[in-house]
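Note sheet for the following structure.
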Amino acid sequence: MTLMSTEESPEEEHSDLFFELLLNLLSYSAASFSAMARYPISSSKEFILTIKNFISEQLNLTKDALSEIKRIPGFGSEVQKVSQVVLDAVIRLCKVYCNGVNWDFDSLKMNEDKKVLVIEGASDADHVINITKCTIDKLCEVGILAANDGGSLVSVLNLSWKGVVTLLQLGKGALAARVDVASVVVSLISLAQQSLRCAAETWSLQLKETLTMTEAKRIFLPVKFYLINAVRIVSQYTTQAFSVYKEMVGCVVMISSLKFFLSKEEHLKSATEALVEILQPTSFHLLNSLLNSIQVKQEEKFQVLNWLFSDESNLNPVPRVSNGENLPYTVDGIHFSSCAAMAVQTFFLGRVNLFLELLKSSADLEDDVKFWMARKLQWLLDILVDEHVYAASLTLQVPVSRKNQEFIYQPFFHTIVSSLETFMVVMSSNPAWGEIESFLLENLLHPHILCWEIVTELWCFLLRHAETSLVKDIIDKLCALLGYTAFPEAVFSPGSALRKIARSICLIVTCCSQAVADQVYDAVTGDNKSQDSSMIYTALLMEGFPLTILSQRTRSTAKARVLTEYFCFVESFGSELPKTSGFEIYGAPVDALSATLLSQQVSISDPEMKTLKFLVAIIDKYRKCNDSKLKDIYCRLLTEVLTITSNMKHLYSCDEIEGVILELRNLFIPKPALSAEDSLLFQCKPNLANFMAGLGHVELAESDDNARTSAVWELYHMLLREQHWAFIHLALTAFGYFAARTPCVQLWRFVPQDAALSFDLESGNEADEDRFMAELKGFLDKESASILTKPTPDHTGMLLKEGLKLKEMLNKNLAINEEAAIGDDAMEVDEHNHGNKKRKFPDEIGKGVELLQSGLKVMGDGLSHWQHNQTGLNEIHDKILTHFSRLEDVVSHLVRLTGDA
């Protein structure tokens, strides 16, 4: 009849009569259910079977009528209304029947195999369970039908699913063995995911349209409805629902990942806030319904957590769990991005965010789960190494809370740190605190900068709030650790363990009290005559130890020591050579003063111009020296004294400054293409740029026959010709400072025609003065501009490349450590197996590896140039960059294999 109603039929009157009959039949069904509810349950088996069949057939009819409601002209709204009456009546009937049964589980037992009540006198309960199960199944079907309708059956949707939850709460759990609870939960989760997918697809196609808060809430409220009902069912039937924990957790990850996708787009800001407000708490409660349930065993909880936060490498394109199964419902399933790299990135971020939410709510978790979380902190650091997660951690602004009807945003990095700090507070009184201590100690020297920053922040937080006795004990242990790592060659190596620990201690002391700073200083300088004490003290000063925090007396002593040792070294410089015993740390007082001047912790007066004379003496020593080790020391001293001079502005007004300028000109200019022996001078150029900036305070005669002015021109020409991006930045910074302060008006004389920024960026040629001035203006404008809180795509792209490089460095570092460990084992074996010999690979393999290395370098240069000059191809570039990174890892492994052969 619904098919006939869509066509022009001469029997229209018959059609109307049919639908009137349908309405009467549905009304009769509702009245029948209401009538049955007024009478007790019949004990007649025939009547019981008739009632069950009647309910099933009437609910099928109701569902079919609702499915065709749009094709019934003139009767659609009436059919919907009477259908709701039917559903409400059958729900009431089931409630009445269930309330009329004595659900005494001491005498009522189930036969799990046959799933029927086997004790005498239980036929009424069995009858009620059958009717209720039938009703629940049909309500689920109606609920799915109403959800797929597109919104016109909202009232039916609410009635059906609320009816399912209501009926499942009856019978004191007797329905658990007969109703497929897991299937009901999966249906609700699937509806929630389907709504999210549709919304994400729509937003991906409408990239320029700003989404309103009202529209976002309209989309998310049905999803919340599904999740709330799922949570209610899972909370009551946790054991039955555990079998579909992967689907449940997959939905939670999907929502968590969607949050980060929305955060990247300004026009979807309202959607982000709506998701955080409406969906995030409910979805997280769905996960907690498993983790906090007493019905779930401890090993089952760990099974959920291990599946979600796997121990496998997070760098794989598709994350895998420990049992080898793919984690379902990844971000690719949302279809909000065609870029695989974006999908992997948001998936990782979703898991990280979920882990952080667990840390923040750890006070509500059971002790066994807290212990598991403490042991899983290393997983968090491992996943932060991924370049996508690294870039997002430093650029993404995410909403965290609402204040005065406005959301408060903060960088995702702060969310990471604050969540870990919250977890530390919760665990401070927990027996598993030892896991936290182990985590902090093991990662004190983490090779990845982001992870190191996070761990250092946690150390600062701990010492800022811990009891005095604990702080003192920790500081003593850290200072003792400095002693174990104090080696001469480590003092001037920024990547050494000594410098890294010193760097951490300096940051920690900055966050602590004056007493802590004095404790560190006293521990280090207690035996100031020993070489180890001198090395540790120098390392601390080079890492910026905060002398200003020390107590007044100790601070005065420390500053006086820095200046005294410096001038003593300057006075003895020309008369003695480095001693063999202290060869590696020769000149440490110069480095110490340079570091403290940079941090503006000391001031120095040099009325006798000892520093300028010292600088000239170093240049002279460097030029005359033939010993490579001594030459390296003099180069380091030259670098630091240039820094010292640039921080002593009064020296630029002295007559002796001209001699320094001429000596520097004679040192750098005669050899523009430095040989391997003189390549050390490249290390001095950043500090030379700082020195040159100070020449803005010097009176320069703008004539060709002035030696001092000509030397300054030539030195600036040399700096501005450098084409390395870091040198360009330093040279322009120095030249900008110089140009703003010098009395010279012929600034074009300081700029060579072949300056790095004079060339066309695309072609690499056609040098032009106007182009240089335009680039200089743009550079100075950027330097003086305020820092934007929202990163640009270029900024994000640079951080992505930076994260990739850091990951490569970390992998190489781990590979070297692993090979060293294997090498140690091999040495032990070789002591007993002298017959083992290294295998020699054919020459063709070695040549092939060399060609691969050359090809990688060419490809890397091409990728860098391509990204710089092309726009709108970010997705393609990300894909190529990901494959290029893997190719580099493979080639590096081949190089190591052939090198070890």
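Could you pull out the pairs from 95/138; 264/805; 264/777; 246/269; 685/805 whose alpha carbons sit more than 19 Å apart here?
Violating the 19 Å limit, Cα to Cα: 264/805; 264/777; 246/269; 685/805.
Taking the highest mean first, how do the peptides 701-709, 558-566 order by number of other beta carbon atoms within 10 angstrom per residue?
Details: 701-709: 13.0, 558-566: 17.6.
Per-residue mean Cβ counts within 10 Å order the peptides as 558-566, 701-709.
Which of the GluC sites (Glu not before Pro) found in region 402-473 are in a DSSP loop and have at most 13 neighbouring Cβ atoms, other than their own, within 10 Å?
Passing both the DSSP loop test and the Cβ count: 467.
Taking H placed 1.01 Å from N in the peptide plane, check which residues at least 5 places from residue 410 or on another chain put their amide H under 5 Å from its amide H.
Placed amide hydrogens put 398, 400 under 5 Å from residue 410.
For a quick protection proxy, order the peptides 389-400, 172-183 by their average other-Cβ count within 10 Å, most packed first.
Values: 389-400: 21.1, 172-183: 17.6.
The most tightly packed comes first, giving 389-400, 172-183.
Could you order peptides 28-38, 90-100 by the average number of other Cβ atoms within 10 Å of their residues, highest first?
Ranked by mean Cβ neighbours within 10 Å, highest first: 90-100, 28-38.
Using Cα-only point scatterers and the Debye equation, what is log10 of I(q)/I(0) for region 411-536 at each q in 0.15, 0.16, 0.20, 0.21 Å⁻¹, rounded to two decimals?
-0.73, -0.83, -1.22, -1.31
Give me the number: length gained by fully extending residue 194 to residue 851, i.e. 0.36 nm times residue separation minus the C-alpha to C-alpha distance, one decimal in nm.
231.5 nm
For region 516-572, compute Rh as the Kirkwood radius over C-alpha pairs and then the Stokes-Einstein diffusion coefficient at 25 °C and 0.890 mPa s; write the answer in µm²/s, rounded to an integer.
It diffuses with D of about 208 µm²/s by this estimate.
For the pair residue 552/residue 861, report the inter-label distance in nm, with labels modelled 7 Å from Cα in the Cβ direction.
Computed distance between label sites residue 552 and residue 861 equals 6.2 nm.
Any read-out appearing in this document is the output of simple, stated calculations on the displayed coordinates, not a laboratory observation. None of these values were measured; they are calculated from a predicted model. As a convention, Cβ positions derive from the backbone with ideal geometry for all residues, glycine included, and neighbour counts pool all protein chains shown.
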